[in-house]
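Below: one structure, written as C-alpha cells.
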Amino acid sequence: MNRGYLTIAARRSKFLEMAVDMALSLREYTEYPIGLAADKFIADLAKTKYRSVFDHITLLPLRFCKGRALKYGAAEASPFEETIFVDADCIVLGPLDGLFAALDTNDLAMVGERLTFGDDTRHHGFSTSALIRRFRLESYLKTNSGLFCFRRSKAMEILEDCLECYLKEVRPQLKYSTLLGRWLGDEIAFGIVGGRKEVGTLRKPDPMYWPPEFDTLNLNAPEKPLLHMIWPPKKEVFEELMSATTSRRCEAAVSGNAELHWREEVRSMRRKIWRGTVLGRLMGGGGPKA
C-alpha cells in the first residue's frame with residue numbers, strides 16, 4: 001500500500017526546524033515513510049541540512065504558497081496515495097498509524113465535528129451559526145487542521161475547493177473581522193467546504209490534545225498520541241519536551257538548536273493570549289478560552 005506521512009514547512013527556517021523535530025518524534029512510532037512538502041527555499045535547505053530526516057521532499061505548487069493556503073496543497077504535494085498529514089508544530093507522543101483506517105470510508109477525514117445551525121459555538125472568534133447562515137451551509141466542520149488523513153486522488157478536488165473558498169469567499173468577506181480579534185486561518189475554509197462536501201471526521205476521542213487538556217498532560221503516560229503546540233504547556237512539561245527533542249536530535253546525529261524555535265513559538269503564543277485577553281476585556285467579554 002502506498003502510504004506515508006506528510007508535513008509542510010515554508011517561508012521561514014523555523015518551520016523546517018519544527019518539522020524536523022516532529023518527524024523525529026514520529027519516527028519512534030511508525031515505519032511508514034515521512035515526506036516534507038515545502039517551498040523552494042525550504043526544500044533546498046532541507047536537502048542540504050536534513051536529507052536523512054525525510055524520505056521524500058516535494059515542492060508545494062506556488063498557488064498554495066500565499067496567505068494561509070499551504071495545507072490546501074497537501075494532496076497535490078504528497079508522494080503517497082494514502083497520507084496522514086501532521087503539522088510541523090506538533091510532537092508525536094504515540095502511534096498514529098491506526099488513523100489510516102478512516103480512509104476505508106472517507107476520502108478526507110479531519111479532527112473535529114460537524115455542526116448544524118443549532119449547535120452554535122465559537123471557532124477562531126466566529127460564531128459557527130453565523131458562518132452557516134452567511135455561507136448558506138447545512139453544516140460547518142469545526143476542525144483543527146494540524147492532523148488529517150486523505151486519499152490523494154480524491155482529496156485533491158476537495159482541497160482545491162478549499163483554496164478557492166479561502167481566496168474568493170473567506171478572505172474577501174471576513175477580512176475586517178481580524179480587527180475584532182478573530183483569526184482568518186485555513187480552518188475557516190476547511191470548515192465551510194467540509195460542511196458542503198460532508199468531509200469525514202476522525203473517530204472520537206480526538207487523537208489530539210486540546211488546550212483545556214494541556215494542564216493534565218503527563219508525558220510519561222500520555223492519553224493521546226499527538227500534542228499540537230497551539231497553547232503553552234506547563235513550564236515543567238515544556239522543559240521535558242525540550243529535553244526529549246534534544247535527545248532525539250543527538251541520537252539521530254541531526255544538527256541544529258532543538259529548543260530555540262520552540263521557545264520562540266511559546267513566547268509568541270503567550271503574547272497572543274495576553275493581547276486577546278486585553279482585547280476581550282476592552283470589548284466587554286472574556287479573554288481567549290483554552
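Within the chain, the longest run free of trypsin sites (Lys or Arg not before Pro) that sit in a DSSP loop with at most 13 other Cβ atoms within 10 Å is 67-135. Taking a Cβ cut-off of under 13 Å around Val254, the surrounding Lys, Arg, Asp and Glu residues balance to a net charge of +2, with basic ones at +1 and acidic ones at -1.
Between the beta carbons of Gln173 and Arg27, assuming R0 = 41 Å, the FRET efficiency works out to 0.45 to the nearest 0.05.
A simple spin-label model places pseudo-atoms 7 Å from Cα toward Cβ; at Glu236 and Ser268 they are separated by 2.9 nm. Any idea what the relative contact order of segment 3-282 is, in percent, if you count C-alpha pairs under 8 Å spaced at least 6 apart? Reported as a whole number, the value is 20 percent.
One Cα centroid belongs to segment 192-244, the other to segment 113-162; the line between them spans 19 Å. Site pair Ser127 and Glu251 shows an inter-label distance of 5.0 nm when each label is modelled 7 Å from Cα along Cα→Cβ. Among Thr7, Thr116, a tally of other beta-carbon atoms within 10 Å of each Cβ gives an order, fewest to most, of Thr116, Thr7.
Mean projected area of the convex hull spanned by the Cα atoms of segment 3-282, taken over all viewing directions: 14.2 nm².
Read-outs: derived from the displayed coordinates by stated rules, not from any lab. Everything numeric in this text was worked out from a predicted model, so none of it was measured. We place every Cβ from the backbone using ideal geometry, glycine too, and count neighbours over all the protein chains shown.
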